[in-house]
Each structure stands twice: as structure tokens, then as C-alpha cells.
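As C-alpha cells, the structure follows; a few thoughts come after it.
Nothing in this text is a laboratory measurement; each read-out follows from the coordinates by a stated rule. None of these values were measured; they are calculated from a predicted model. Ideal geometry is used to build each Cβ from the backbone, glycine not excepted, and the neighbour counts take in all protein chains shown.
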There are 2 protein chains.
Amino acid sequence: MQAPNRVYVHGYDPLESTRLQDQARTLSELLHADTSYPPGSSVLEVGCGVGAQTVTLARNSPDAKITSIDLSATSLAQARVKTEAAGITNVLFQQADIFASPFDAESFDHIFVCFVLEHLTRPAEALAILGRLLKPGGTITLIEGDHGSAYFYPLSDAAQAAINCQIHLQRAAGGNALIGRQLYPLLRQSGFDDVRVSPRMVYVDSSRPDLMDGFTRKTFTAMIEGVREAAIRAKLIEPDAFDSGVAALYRTAEADGVFCYTFFKGTGQKRR
Amino acid sequence: MQAPNRVYVHGYDPLESTRLQDQARTLSELLHADTSYPPGSSVLEVGCGVGAQTVTLARNSPDAKITSIDLSATSLAQARVKTEAAGITNVLFQQADIFASPFDAESFDHIFVCFVLEHLTRPAEALAILGRLLKPGGTITLIEGDHGSAYFYPLSDAAQAAINCQIHLQRAAGGNALIGRQLYPLLRQSGFDDVRVSPRMVYVDSSRPDLMDGFTRKTFTAMIEGVREAAIRAKLIEPDAFDSGVAALYRTAEADGVFCYTFFKGTGQKRR
């Protein structure tokens, strides 16, 4: 298999940004409910993108001072519009690269990183850099998915093949779609103490029609569907085979279908 | 691939029965804590085997009248010894086949079935039969694993190949090692109302040494290791490849390793 000509990084086109926002609305309780920072604390959100998580983060910590950074000025502009529309006033947006950080050491009480490490070639190095930005005793919180955690009923090799295209493309782009399971060793290897990781499993059957629609169809399957052209261009799969796989994924959202996926949330503390 | 000469059914040899008891001790809280039957209610435990779940079931419902059945007289004898040693007095053991049930229709208030459906060729038919044994308004509770829910760090194709041998052997024996994800449609198709399924995910990293030892090593990896001879005899895998896979599974229980597995618990009610 060869690498795709056009590197695929999700979060950077309009359909993708709609998907990420749907995802945040559907999953925000599951992923974010247990993250709240004290009044007056300074929080760095790394890789905020279009602000899909920023509104929830800011609402759950209304008196914290949040700095949300991203590489992309376009994404930051959307994030500003989104947070202003939501009446959020405690977020400062700033264009920045964590590998060339403009911040002084020990600038932040807490750091929050959601759906970012999966895109990085050197996630452990990024975490070590972020650790230096934390004050002693400060915390880092990571949230990542893991596409190897997806399984479903009815069983389908075609669906698995389509998912494998996404995993392959993300790897070819330097990322890792299977990073969720790896948060514990990454945090430990990057020098954090008191590392705790908890899985956040999304289990979907037809007793939960909101999740069938919001997660199985509009989040996960839409994401896989979104790599169709890149997967075909990279000759990872034939068009018919890919389409069969996507159809099989939609099939898991019918009355007798089941879909499972797990996000991982990890926290660590900088040594005092 | 051909079917194994000697059919593999776990739970029917001494090492396996030790493993199942270790599993029950390690996981009983996760799987059983939310099952408690009212005083005086009649409960049928189907396929109690060596009583690995019976002690917990009986302790959580000390004033229910439990009837625990199994096909195997040998297993029932072990289950009797085990429950007597635990001081359990509310369980009656009986040798019986659910496909040739000695019980009258509407004999039980509740039915409990744990790690049994995975071994049956006709699980939906078994559930329909059990439904007839329930009084109107009575409940059925199912607990099953799903070996397709196992994933881990470090990644290993060899480990996956060894797991696939177990899945294949269980299928060749008429069972289904991936049945956990299927509980919702099975209960619905068998005519139960108010069907609810919840996943019980076991997440193991080195902050949880008891689970690394009790679950990753002694439950899951030991179970896979237990099919070595059958897998080789069935020519599913070369001995060296299987051993590499098992070594890779043990590797996930080292300091930087992670292991994930999910059980599914489902309940349904018989129409009043």
C-alpha cells in the first residue's frame, strides 16, 4: 500500500468541522462532565480547532481563564464566532504551535488536550513540552478516541475494511487513530505523576435512537465516509468495497443493530 | 481452515474451572453488583457449571429461592461443594437441559444466565424456551463476554491471531465468542420487553496491578493459552506463531501495557 497523495487530517474541512461539532454536542456529557477548573485558574486548551470542545470546556469552568490555541487561523476564526454566539467570555484565542510555544515555562495551572494527540507524529514530545508549560502540581487532561475500539452487529468484514482505510490514512499522515489505548503509557513516559485513565464507552442499540443517529450515523460512519476519496486515491480499497463497508456501518444503526466505540480520558499531574 | 477434531468447550476441564472461578472473584462486583432478587422470589440459574457465579448470585439475593441447573453432573457436584463451603443455603442444584426442560411453564419469577449463550448453537431458541418458564412480568438477565472487544497496547498482530484461534474454535463447536454485542437483538427477537443492555468494560493499566494479574494474565490470556493444543491440532496456526501471540498478550501486562475487554449485561421482561 502506498501513502495517499493528499494528506488526510480531519478537522480541516467544512464537512469535517460540522461532524466534530455534532460529535461534541452528542458526547459532551460523556467526555467533559468531570472536567471543571477552579475560579481564577489559568487553563491552556491545545489544538482547539473550530472550538467544538471549547464551549463545553468554558461552560464547565466559567470562572477559569482559558487560553485556546490552534495552528490554523481559519479554525480559530470559526472558534471565535462559535464561542461568542454561545455567550462565552472567558476564552482568549491565540494562534500558536505547541512545538514552538510562545508561552513561558510554568505559565498555566492546567492543560486540556482533546482529539489532538491522534494527529501528532511525536505525541510524547508534545506532552513533555506541555509539561514544561505547567506550574508544579498542575494537571494535564487528555481525551482521545481509538478506532480499534469500534465493533458492531451485524458483523461485517467490509465495514472493518473501510475503518482500516481511515486508520491507514491517519497513520500515513503521521497520526495514530489507535492512540486512545495508549494514553496511560504516554502520560507516564512524559513524566507525569498520578496518571489515571478512564475509558468512556459509547454503546448504541435501538433503545438509544439519539445515539444511533448522532453517534453511529452522523459521527463515526460519517467520519469513515469522509475518507472515501482519499482511500480510493491511495489505492487502499476499491470503490465498491468501500461503499459496501459504509453501507454495513449504516446497517448497524437499524433496529437490530449495535455499535460500540470507546474514548479514553487521561489525567496526570506535574511533580510539585 | 478445518474444524478441530476435539470440540473445545470451556468450563469443562480442571484448569478451565479454576480460571472461571478466578474470573468470578475478580469481576464479580463489575458483573453482579446490580443483580439482587426480592425475598421469596424464585430464580432459575441456567448453566451454573461449577458454580463460579452461583455463590455471588446467592449472596446478593440471600432470601431468594435459587434453582441452579446444568447439563453436567460433574460440574454440579463441584458447584455443590463450592456453595456449601461458602455457607450458601438458598440454592437447589438440579441436572437439566434447557432444550428439554423439566419445569412447568411460568415456574420462575426471574432467570439468570451467565456465560452460557456463547456456547449454544441456537441461543435465540434457548431464550424463547426460557421465556416460557418465566411468570408474566418476570425478568431475564444475561451476561456474556465478547472476544472481539479485546484490544491492547502494545499492538500485536500475533496476539490477535491467537485470539482469533479461540474465536474460530468456539464457532466450530457451535458457539459464538462474539455474542456479547448481540444481546440486545437476541432479547428483542426472543420476545422480551423493556430490553436494556449495558457494557461492562474492563480497562487495565499498571495503576491496577490486581486487574493486570487477575484479568489480563490469569483470565483472558490464560483462556487463550488454554486453546493452544486444539488450535494447533486444527491447523489454525503454527505453534511458534501461537506462542508469540500469547507472549504478546502477557506483554500487555507489563508496566507500559494496557488491556481492554468488555462484558455485556442485558435484561428483559416477559410481557404481563
Query raised in the report: If you draw the axis that swings chain B onto chain A, which residue of B has its Cβ closest to it, and how far is that in whole Å?
Result: B:201, 3
Query raised in the report: Counting Lys and Arg as +1 and Asp and Glu as -1, what is the net charge of the other residues whose Cβ lies under 9 Å from the Cβ of residue A:137?
Result: +3
Query raised in the report: Nm distances between the label at residue B:62 and the same-position labels in the remaining copies, 7 Å along Cα→Cβ, shortest first?
Result: 4.8
Query raised in the report: Going by alpha carbons, how many degrees (0 to 90, nearest 10) lie between the helix axis of A:14-32 and the longest principal axis of chain A?
Result: 70
Report task. May I ask you to report, in nm to one decimal and beginning with the shortest, the distances from residue B:213 to the same position in the other copies, taking label points 7 Å along Cα-to-Cβ? Result -> 5.0
Requested in this report: Quick one: order A:146, B:194, B:256 by neighbouring beta-carbon count within 10 Å, fewest to most.
Outcome: B:194, B:256, A:146
Report summary line: For chain B the mean separation of alpha carbon contacts under 8 Å (6+ apart) over residue count, i.e. relative contact order in percent, is 24
Query raised in the report: Roughly what angle does helix B:239-251 make with the longest principal axis of chain B, taking Cα atoms, 0 to 90 degrees, to the nearest 10?
Result: 70
Report summary line: Computed over region A:131-272, the relative contact order (Cα-Cα under 8 Å, seq sep at least six) in percent reads 50
Query raised in the report: Any idea what the residue B:122 label distances to the other copies are, label 7 Å down the Cα→Cβ vector, nm, shortest first?
Result: 6.3
Report task. Could you let me know the centre-to-centre spacing of region B:118-165 and region A:195-216, using Cα atoms, in angstrom? Result -> 20
Query raised in the report: Is it possible to state the helix-based mean residue ellipticity at 222 nm for the protein assembly as shown, with each DSSP H run of 4+ residues giving -39500 (n - 2.57), the sum divided by total residues, to the nearest 500 deg cm²/dmol? What is it?
Result: -10500 deg cm²/dmol
Query raised in the report: For the residues A:270, B:135, A:235, what sequence is obtained by ranking on other C-beta atoms within 10 Å, fewest first?
Result: A:235, B:135, A:270
Query - Top positive-direction residue, dipole computed over chain B with Cβ charges, set B:176, B:209, B:227 - result: B:176
Query raised in the report: Which chymotrypsin sites (Phe, Trp or Tyr not before Pro) does region A:108-170 hold that lie in a coil by DSSP with at most 10 other beta carbons within 10 Å?
Result: none
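Rank the residues A:66, B:69 as a footprinting-exposure proxy: fewest other Cβ atoms within 10 Å of their Cβ go first.
Taking fewest neighbouring Cβ atoms as first place, the list is B:69, A:66.
Greater than 24 Å separation of Cα atoms is the criterion. Which listed pairs, B:65/B:135; B:82/B:135; A:82/A:270; A:65/A:265; B:82/B:270; A:235/A:265, meet it? Please report the intermediate quantities before stating the final value.
Values: B:65/B:135 15 Å; B:82/B:135 30 Å; A:82/A:270 32 Å; A:65/A:265 22 Å; B:82/B:270 32 Å; A:235/A:265 34 Å.
Those over the limit are B:82/B:135; A:82/A:270; B:82/B:270; A:235/A:265.
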Report task. Let me have the relative contact order for region A:212-265, percent, based on Cα pairs under 8 Å that are six or more residues apart. Result -> 43
